[in-house]
Each structure stands twice: as C-alpha cells, then as structure tokens.
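Please read the structure below before turning to the comments.
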C-alpha cells in the first residue's frame, strides 16, 4: 500500500478517503501464473487511461507499479493468483468536490480468486438476464474501471436469488452489455461475436486476446449489437 508491503491487517486507509466515501477511484484486476503477471503492460495502460478519464493523478510511474507487482507476487505463498490494483482519490473533507483531496492512495492486493468452479467450466453455468441494467455509456464511459460496481453487485444478487451462477446485464436500450464480472461471447453459424463498448461492454484485456486469437486462426469475429434473442439462438 502506497509503496510499502504490509500484511492485510495493517493495510488500512483513512475513513475520509473519497474512494470509500463515494467510490471515487479506479482499479485493475489481473491474474498471475507461475509468478508472472498476465498482460501487465496492457493493464497498467488501462489503469492510466481510467485515471486520466476521471482526472485522477496516478501517484506512481508505471515502472514503479510494475516493481510493486513483482514484489507482492514474490511474497505471495502460491505460484498463481489474482491481483487487484486500486487508485483512490485520497483523503478529503466530506462533500463531492475532490479538489481538496490529498495525494491519491494506491493499493495492491494479492489473493486467491476462483470466479467459476472447475466443474462448471466443463458442465456450463446457469445464466439469468438481470433486471438491473448496465450504466449507460453516456452516463459513465464503460472503458473506465470505476470502483463503483453496485449495479453489477445487484445483478449478481439477482442471479443468486434465482438459483443461477451468473447474471447478464443489458443496457438501457435492451442490448446485451456484459456479465456481472466478465465479457460475453456467442457463436452463431461460425461467427464469434461480442457486445460493443458503446453498448456497455468493458474493453476487457482477455476479450481483446480472444479477438486477436480468432483473427490469427481465421475465425470470423466481430463486435456487434446483441440482444437477448441472440443469446437464446446462439450455437454456443
């Protein structure tokens, strides 16, 4: 935290940090395998872009952040894991105006995270289309990885209450945006399709890799406006 490696119990932020008070901040979530971060440069670029988009100063250079990533991975007891890198607006008086906030806080967490149980990767998961909608792109650009994930949390709660494993979020026009914590792809007649960022999809790092791999394998792939009809009629 802020350049110092600390155990979880000692890594604390002030209660007046605007990241806690208002969700004012951004984050990146990334995997590491065999103690090597996956696509670190791309994640750091997106973090910098998210900071710029909300006019938040990134308190460390990308080189220093990369060093911190190596340091925390080296201290983690397992070869594989998950990293959460967050930048908050910092401490300031109560009120929405961040002008008086002090230096932003940078927090890096290493932990375990299993998004989907291994058995479900083989069997498939149960989805519901949530009543909770994705925030509109003209309200908050989906390319910003904001700390405020409340609508995604509400959608996941809907899935749990319905006995499903995951929720699909639509945008305000009824087009498919994304899952509560992942991008979506469908296959129909040999075409691989994924929702467009303009429809609320995050430009996910793994999403981009899938599109790159498809191009390299000559698999037709594109971003497309998708509706629930497309999900119901997809081949996979």
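Remark: residue 183 matches the filter, which requires a residue to be in contact with a strand residue (DSSP E or B) (Cβ under 9 Å, 6 or more places away or on another chain), within 23 Å of residue 38 (Cα to Cα) and surrounded by 15 or more Cβ atoms within 10 Å (Cβ to Cβ). With the requirement that a residue be out of contact with any strand residue (DSSP E or B) (no Cβ under 7 Å at 6 or more places or on another chain), assigned to a loop (DSSP other than H, G, I, E, B) and more than 20 Å from residue 196 (Cβ to Cβ), what does the stretch 120-155 give you? Scanning the stretch 120-155 gives 124, 126, 131, 148, 149.
Would you confirm, using the coordinates I've provided, whether residue 159 is surrounded by 13 or more Cβ atoms within 10 Å (Cβ to Cβ) and assigned by TED's automatic domain parsing to the domain that holds residue 203? In short, yes.
The values are calculated or read from the model by the stated rules, or taken from the named source; none is laboratory data. Please read all numbers here as calculations on a predicted model, not as lab measurements. Methodologically, a virtual Cβ is constructed for each residue, glycine included, from the backbone with ideal geometry; neighbour enumeration extends over all protein chains shown.
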